[in-house]
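Here is the structure we will look at.
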Amino acid sequence: MKVLVLNSGSSTVKYQLFETSLELMAANQDRMLARGIVDRIGEAVPDHARAVEIALDQLTDPKRGAVRTLEEIEAVGHRIVHGGEYFSEPVRIDESVVERIRDCIALAPLHNPNNLSTYESCRRRMPGAAHVAVFDTAFHQTLPPAAYTYGLPYEVCAKYKLRRYGFHGTSHRYVALRFAQIHGRSPEDFKLITCHLGNGCSMCAIDRGRSVDTSMGLTPLEGLLMGTRAGDTDPGAALFLMKWERLSIEQMDSLLNRESGLSGVSGVSNDMRTLLESARGGNERARLAIDVFCYRIRKYIGAYFAALNGADAVVFTAGIGEHAPAIRAAACESLEALGIRIDPARNEATLGVEADISADGAATRVWVIPTNEELLIGRDTVRCIQVG
Ligand code: ADP
């Protein structure tokens, strides 16, 4: 059967069409038929609803389209960022599911509204297809209370459902599944520390297939340094700035989410490629931003080693994790005490492909596994409608 996957970001709608089924999946023979992106939403394209229409028109284009009519597509998998405490599994979308996704808008005001309008626009054009929601937060619903509880008054957290949720769940789950598959074993056989380093960055401690800790929290602002997000910061620093710079909530939000991170520390760019070049050219603040970025990853590797009481492997994925050997090397530096040693030549040679980059004999392996969230969303969609 043909399954479409829609992944809407703040200014993009990405799509992939798969030929798949339970049988093809079991044989690892499900395959992508088409992919595309509609970008510059808010500029060239007015909104997400229109972007979906453009994507569906591309898919059915008489000359270049992958299908003749949309009726050929049996199901659509939608990436939804925040499922709160409601969803720990993919779910077929009906009115009550839409209500709950709406309910989570307060927790993800930038993401859930776009995800919903993407879904609604798609459903209008494809009323006969099965629509399935796959949540970024779902994988992390297995976090124990000790890992997800903030040290804030209990009642106020309960009232607003304030807790750590975590994101990038589909990506962390994909690389853990793939790691097990490569080794011909089950995810239950491994303890893994996964590092998703893209524009947004997060890490995850995975204990035998279950997420037990992750670095993002209530929002994607917590944890690692990111392209433009600050990551872990004393909340006192935000209060200080609001007081002395007289910042409004919106201004503080923008400062933390859009003006901080690699971009804010370096004053150069949020893009790791540019920063590496700039640092090589002697720019000290680019160097500092990279150092903060890598140090924090190292610190979380240590923390998750403790959370898991040891790990079989550290896995790098996403734009930076897959393509930046210098960052992987720095993030794994001086971790010999944890059995982590990278082989420099293997590391340098690994760009966007699956590989073990650890030194011979290192007790904790270090891997690069390119992520594929769309493939996993497609597979989840098939399982959800066929197995339930
Ligand atoms: P998104 O989170 O938007 O999906 P990606 O996973 O594509 O982002 O990651 C984007 C990041 O990956 C950017 O910081 C970019 O500079 C970085 N990146 C991509 N290719 C390279 C490379 N060859 N070397 C260093 N960084 C890279």
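The values are calculated or read from the model by the stated rules, or taken from the named source; none is laboratory data. Since the structure is predicted, the reported quantities are computational estimates derived from the model, not experimental observations. As a convention, Cβ positions derive from the backbone with ideal geometry for all residues, glycine included, and neighbour counts pool all protein chains shown. All accessible areas refer to the heavy atoms of the entire protein, side chains included, with ligands and DNA or RNA removed. Shrake-Rupley method; radii C 1.70, N 1.55, O 1.52, S 1.80 Å.
Residue by residue through the stretch 173-207, note down the ones that are more than 16 Å from Val366 (Cβ to Cβ) and open to solvent by less than 10 Å² (accessible area, probe 1.4 Å).
Initial filter on the stretch 173-207 (more than 16 Å from Val366 (Cβ to Cβ)): 173-174, 177, 180-181, 184-189, 198-202, 207.
Once the filter is applied, which keeps residues that are more than 16 Å from Val366 (Cβ to Cβ) and open to solvent by less than 10 Å² (accessible area, probe 1.4 Å), the stretch 173-207 yields Ala180, Cys201, Ser202.
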Task: Tabulated pairs, the stretch 203-219, first within 25 Å of Val156 (Cβ to Cβ), second open to solvent by 10 Å² or more (accessible area, probe 1.4 Å) and charged (D, E, K, R), C-beta under 6 angstrom, 6+ apart or interchain - done: Met216/Glu222; Gly217/Arg164
Task: the stretch 125-163: number of residues that are under 14 Å from Ser88 (Cα atoms) and either buried (at least 19 other Cβ atoms within 10 Å of the Cβ) or more than 20 Å from the chain's Cα centre (by Cα) (or both) - done: 12
Open item on the list: Let me confirm something: among Leu288, Leu262, Leu275, which residue is open to solvent by less than 10 Å² (accessible area, probe 1.4 Å), farther than 16 Å from Thr233 by Cα and modelled with pLDDT of 95 or more?
Closed with: Leu275
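Give the residue, chosen from Gly227, Gly184, Gly236, Gly231, that is over 23 Å from Asn309 (Cβ atoms), assigned to a loop (DSSP other than H, G, I, E, B), more than 16 Å from the ligand (Cβ to nearest atom) and not acidic (Asp, Glu).
After applying the criteria, what remains is Gly184.
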- [ ] Could you identify the single residue in Ala279, Ala289 that is within 16 Å of the ligand (Cβ to nearest atom), farther than 29 Å from Ala205 by Cα, in a helix (DSSP H, G or I) and small (Gly, Ala, Ser)?
- [x] Ala279
Task: Odd one out for Ala26 among (1) out of contact with any strand residue (DSSP E or B) (no Cβ under 6 Å at 6 or more places or on another chain); (2) farther than 21 Å from Arg383 by Cα - done: (2)
TODO: Give the number of residues within the stretch 324-343 that are at negative phi and either in contact (Cβ under 8 Å) with a residue 40 or more places away in the chain or small (Gly, Ala, Ser) (or both).
DONE: 8
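Restricting attention to the stretch 111-143, which residues are assigned to a loop (DSSP other than H, G, I, E, B), of a type outside the set (D, E, K, R) and under 20 Å from Ser171 (Cα atoms)?
Passing the criteria: His111, Thr137, Leu143.
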Task: From the options Ala176, Ala146, Ala158, residue that is more than 21 Å from Phe87 (Cβ to Cβ) and in a helix (DSSP H, G or I) - done: Ala146
TODO: Determine the pairs where a residue that is without any contact (Cβ under 8 Å) to a residue 24 or more places away in the chain, located within the stretch 188-201, has a partner that is open to solvent by less than 10 Å² (accessible area, probe 1.4 Å) and more than 8 Å from the ligand (Cβ to nearest atom) with Cβ atoms under 7 Å apart, the partner being 6 or more residues away or on another chain.
DONE: Asp189/Ala180
TODO: Would you mind stating whether Arg173 is more than 25 Å from Leu338 (Cα to Cα) and either modelled with pLDDT under 95 or of a type outside the set (Phe, Trp, Tyr) (or both)?
DONE: no
Open item on the list: Step by step: first the residues of the stretch 292-306, then only those that are surrounded by 21 or more Cβ atoms within 10 Å (Cβ to Cβ) and over 24 Å from Ala349 (Cα atoms), then the one that is farthest from the ligand (Cβ to nearest atom). Which residue is that?
Closed with: Phe305
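Considering Ala326, Ala318, which residue is closer than 24 Å to Ser266 by Cβ, within 15 Å of the ligand (Cβ to nearest atom) and either open to solvent by 20 Å² or more (accessible area, probe 1.4 Å) or more than 19 Å from the chain's Cα centre (by Cα) (or both)?
So the residue among Ala326, Ala318 that is closer than 24 Å to Ser266 by Cβ, within 15 Å of the ligand (Cβ to nearest atom) and either open to solvent by 20 Å² or more (accessible area, probe 1.4 Å) or more than 19 Å from the chain's Cα centre (by Cα) (or both) is Ala326.
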Task: Residue within the stretch 344-361 that is farther than 30 Å from Ala147 by Cβ, in contact with a Lys or Arg (Cβ under 8 Å, 6 or more places away or on another chain), of a type in the set (Gly, Ala, Ser) and within 16 Å of the ligand (Cβ to nearest atom) present - done: yes
TODO: Identify the single condition in (1) more than 17 Å from Ala363 (Cα to Cα); (2) more than 16 Å from the ligand (Cβ to nearest atom) that Asn309 does not satisfy, given that it satisfies every other one.
DONE: (1)
Open item on the list: Just to verify a result, which residue in the stretch 208-221, among those that are within 25 Å of His323 (Cβ to Cβ) and open to solvent by 10 Å² or more (accessible area, probe 1.4 Å), is farthest from the ligand (Cβ to nearest atom)?
Closed with: Leu221
TODO: Considering only the stretch 300-388, give the helices (runs of 4 or more DSSP H) lying wholly within it that have at least 2 residues that are over 26 Å from Gly36 (Cβ atoms) and modelled with pLDDT of 95 or more.
DONE: 325-331, 344-349
